[in-house]
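So the structure is just underneath, and the comments pick up after that.
Here, each number is a calculation from the coordinates, and none is a lab measurement. Keep in mind the model is a prediction, meaning the values are calculated, not measured. Ideal geometry is used to build each Cβ from the backbone, glycine not excepted, and the neighbour counts take in all protein chains shown.
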Ligand SMILES: NC(=O)C1=CN([C@@H]2O[C@H](COP(=O)(O)OP(=O)(O)OC[C@H]3O[C@@H](n4cnc5c(N)ncnc54)[C@H](O)[C@@H]3O)[C@@H](O)[C@H]2O)C=CC1
Ligand SMILES: NCC(=O)COP(=O)(O)O
């Protein structure tokens, strides 16, 4: 990852849905002393809930947990009778308020970045918060119209870095084609190019762009979007960004062969620096198949760093002590690295 030197970074971690594995993965991840050497961490959530989580899990989990007494915690209204695995309107509301508070404090200069534990989008809806996810709240409350969801992963096998940005996110599959257009792709590509420069010092990047249909449409026989406008969009984008090498439209099933080899076997093979996927599962199935325990969701285009584990609330295992904190740990590590890098530029 990126070199880290200088003063500690100030990070907020939101607790996520309190009925989820959020508290558990936070207590597990923060038990690593090396994090506290590089970051001042503040949890936005509830001390009593983290204490309850600690005392409930401590007797039977084999993994270390940090004691909540040693954490800075900013208290936000949290329901008292939480049952792990049984999220409801109240826990949904609390998880929204954690995020809202973290954003306000960060925009006020208290934190350089936010790491968000998972929330349940359906419970936000039940609580009356009509947002598709945390990404959109972060962007709207930061006043950013252009933003994107990008996934990062540092391979533990080869040190290769996976970067996948999504052109569309939480929309039904049958509306993907209608939602895709040149201006959305322009916006996501511009954000990606800027981000590669800002966070990875990559001035001359190579970016792979996926097709939409099987075999990228097979000359219009298996889908028409490539022929009708996607290929023209790519040609124009290449002219607009001569310093960047755009490769595409790569058949979606082919696109992930080299990254998978680079992730598992050989970090030096010739792969693009980043991948532009056209819809949620086109990007996230390979990311999660390759890197479920390491990948991190980040929001590009915000005035501060935001990362999150790539998984969700995992209500099915909440309160059982078996949640793996690796993706949360990666989210914290990436947030620290990105904040350090931005301090230096
Ligand atoms: N960043 C966020 O806030 C995200 C929130 N979600 C939300 O989470 C909820 C549940 O979504 P699902 O699709 O079921 O995905 P999920 O990631 O919560 O669960 C999928 C499977 O992976 C397992 N799993 C997840 N995290 C794990 C961990 N750290 N250790 C061990 N096993 C783990 C779960 O037990 C489950 O079997 C939905 O409401 C969704 O919207 C989903 C993804 C990201
Ligand atoms: N699939 C990614 C995801 O659900 C994360 O959404 P967000 O809440 O971070 O916007």
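Secondary-structure-derived ellipticity at 222 nm for the chain, considering helices only, amounts to -11500 deg cm²/dmol, per-run term -39500 (n - 2.57) for DSSP H runs with n ≥ 4.
Take the alpha carbon gyration tensor of the chain, find the square roots of its eigenvalues, order them as a ≥ b ≥ c, and report rounded if a/c is under 1.5; if not, report prolate when a/b exceeds b/c, else oblate. It comes out prolate by the Cα gyration axes. Scaled to the globular estimate 2.2 N^0.38 Å, the Cα spread of the range 145-301, given as radius of gyration, is 0.98.
Compared with the dominant Cα axis of the chain, that is its longest principal axis, helix 326-344 is turned about 70°. Distance from the Cα centroid of the range 53-117 to that of the range 151-223 is 32 Å (rounded to whole angstrom). Relative protection proxy for 72-80, 212-220, 284-292, 110-118, from highest mean packing down: 110-118, 284-292, 212-220, 72-80 (other beta-carbon atoms within 10 angstrom).
Here the extension length gained between residue 60 and residue 174 equals 36.5 nm, from 0.36 nm per residue of separation less the Cα-Cα distance.
Taking the mean number of other Cβ atoms within 10 Å as a proxy for protection, how do you rank 23-32, 173-182, 307-316 from highest to lowest?
Numbers: 23-32: 24.7, 173-182: 13.0, 307-316: 21.6.
Descending packing order for the listed peptides: 23-32, 307-316, 173-182.
Name the shape class, rounded, prolate or oblate, that the alpha-carbon gyration tensor gives for the range 1-140, where a ≥ b ≥ c are the square roots of its eigenvalues, rounded holds for a/c under 1.5, and otherwise prolate holds if a/b is larger than b/c and oblate otherwise.
Values: a/c = 1.99, a/b = 1.13, b/c = 1.76.
Note, shape of the range 1-140 comes out oblate.
Assuming 1.306 mPa s and 10 °C, estimate D for the range 239-345 with Stokes-Einstein, Rh taken as the Kirkwood radius over Cα pairs, in µm²/s. Answer, rounded: 98 µm²/s. Here the range 59-148 yields Rg over Rh of 1.00, to two decimals, using C-alpha coordinates and the Kirkwood radius. Compute the helix-to-body angle for 47-57: its Cα long axis versus the longest principal axis of the chain, expressed 0 to 90° and rounded to tens. That works out to roughly 90 degrees.
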